[in-house]
Structure formats: C-alpha cells, structure tokens
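The values are calculated or read from the model by the stated rules, or taken from the named source; none is laboratory data. Everything numeric here is computed off the predicted structure, so don't read it as measured data. Positions of Cβ are generated from backbone atoms using ideal geometry, with glycine treated the same way; all protein chains shown enter the neighbour counts.
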Amino acid sequence: MDLKTFKKFEQSGFIFESASGFRLGVDIGNKTPIENLEGVACDAMLVSHIHGDHFFPENIRKLSPKDLYLNDECRASLPEGALSCELKHIEAGTTFGIGDFKITAFTVDHGPNINPLKENLGFLIEVDDKKIYFPGDMFYPSGIDTTALEVDLLLVPVGTHYTFGPQEAIDFVKTFKEARIVVPMHFENKPETRDEFLELARKEGIPAQN
C-alpha cells in the first residue's frame, strides 16, 4: 500500500487500498455528504463505535461493502435487514483478518463529555508491511502501549471536547517510538484545530500533513 494515496473523508473517515486492490473503509460517517461517495466503493468496512459521525448506515449502503465489521452496540442498533452486507462481530483485545489487512482492536477512552459507551474501539491496521494507527475518538491516552510502537501512518483526532485537542494530540504523538507520517482527523466541528495542530507539529519537527 502506498501511504501517499489513501483516501481521507470528513471527520475520521478513510479508505485504504492494499497492493492487490482490496479496499478497506473505516468510520465514514454522517459528516461525509452522500454525494461525496458517488463512484466510491469498498470491499469491507470497519466501525469504531456507535456515534453517527463514525457509523452511518446510509453511507455504508452507498459504499456497498461485502462485509461490515462492528461491535455489538452498533449491531444492536440496526433494524432487521437495514444493511445487505454480512455483519461481522469485533471486540477489543482481538486480532483478525479483513482481506489483505490484519486488524488489532483495542479499547479507547472517549472522555467525560459524552454518555458512556458500551464499546469504543481503536485499531492497529497492518497491510503490505505497513502499520497504521487509528485511535478513533480518543480523549485520554488509552489502548495499546505506544512507547515501543513504530507506525508508518498515525491518524490522530484533534477537535477537542470529545477527543484530544491540538496540544494533547501532539503530546500523544510524542509517545510513539516512531510515526513516519501523522495526519490529523476529527476536526469538522472546529476546523481551526487542524491548522493549530499542523503549526504545532511544524514547530516540533513532527512529520504531519493534512
């Protein structure tokens, strides 16, 4: 997978494509207008948690994945027959394959500003000898130990209130042994937090890009 060509959508949405052409979508939620998905498809989708900006059945139908990987809380919210894709159960502490991808799921702390969730996940995604770290909606550092972790792509929320703010995101990035490319996400409600993060990263010599 060429990390320069992954596709980013609004909020925390992404599509990653393996060298063989398998496309994995992650958290393409209701901040992405459905017209932005015209002509876009993926082979499978992965959902971190139940909030609509990460889990939006209308967009999932538009993307037409064969398989949808989601936790029990998300699955229980779906009416019978709401989606035609096959629903696959995931939970924290497990590692599983999706096409060419290897996924390790871990629990993420969403912080004090929401009603408690039953499950809120982050993912370590491995494909084509690359590692991608996706923490979903992380407010407090949580999940797997990052101090010895080297990743090729680190995706980090920066929008404040429900997740890290820009400075907290910078501090979290510094806990990794190495992050070769850092991309901010989850800033649609406060776009200025993306710019603030990128400026802080520049001053710190962190290899961040929009």
Here are some conditions: (1) in contact with a His (Cβ under 7 Å, 6 or more places away or on another chain); (2) on the phi > 0 side of the Ramachandran plot. ASN113 meets all but one. Which one does it not meet? (2)
May I ask you to list the residues in segment 28-69 that are surrounded by fewer than 20 Cβ atoms within 10 Å (Cβ to Cβ), among the acidic types (Asp, Glu) and not in a strand (DSSP E or B)? GLU35, GLU38, GLU58
Which count do you get for residues in segment 73-99 that are in contact with a strand residue (DSSP E or B) (Cβ under 7 Å, 6 or more places away or on another chain), farther than 28 Å from ALA19 by Cβ and of a type outside the set (Gly, Ala, Ser)? 3
Name, by its number, the condition in (1) at pLDDT 95 or above; (2) under 18 Å from the mean Cα position of the chain (by Cα); (3) under 29 Å from PHE197 (Cα atoms) that does not hold for ILE90. (3)
If the Cβ limit is 7 Å and pairs must be 6+ apart or interchain, which residue in segment 110-138 that is free of Cβ contacts under 8 Å to residues at least 40 places away in the same chain and within 23 Å of GLU188 (Cβ to Cβ) pairs with which residue that is part of a strand (DSSP E or B) and of a type in the set (A, V, I, L, M)? PRO135/VAL156
Scan of segment 160-210 for residues that are in contact with a Pro (Cβ under 6 Å, 6 or more places away or on another chain) and closer than 15 Å to GLY122 by Cβ, ordered by number: THR163, PHE164, PHE172, MET185, HIS186
For THR107: the one exception among (1) more than 28 Å from ALA208 (Cα to Cα); (2) surrounded by 14 or more Cβ atoms within 10 Å (Cβ to Cβ): (1)
Selection within segment 194-205 - in a helix (DSSP H, G or I) and over 17 Å from the mean Cα position of the chain (by Cα): ASP195, GLU196, PHE197, LEU198, GLU199, LEU200, ALA201, ARG202, LYS203, GLU204
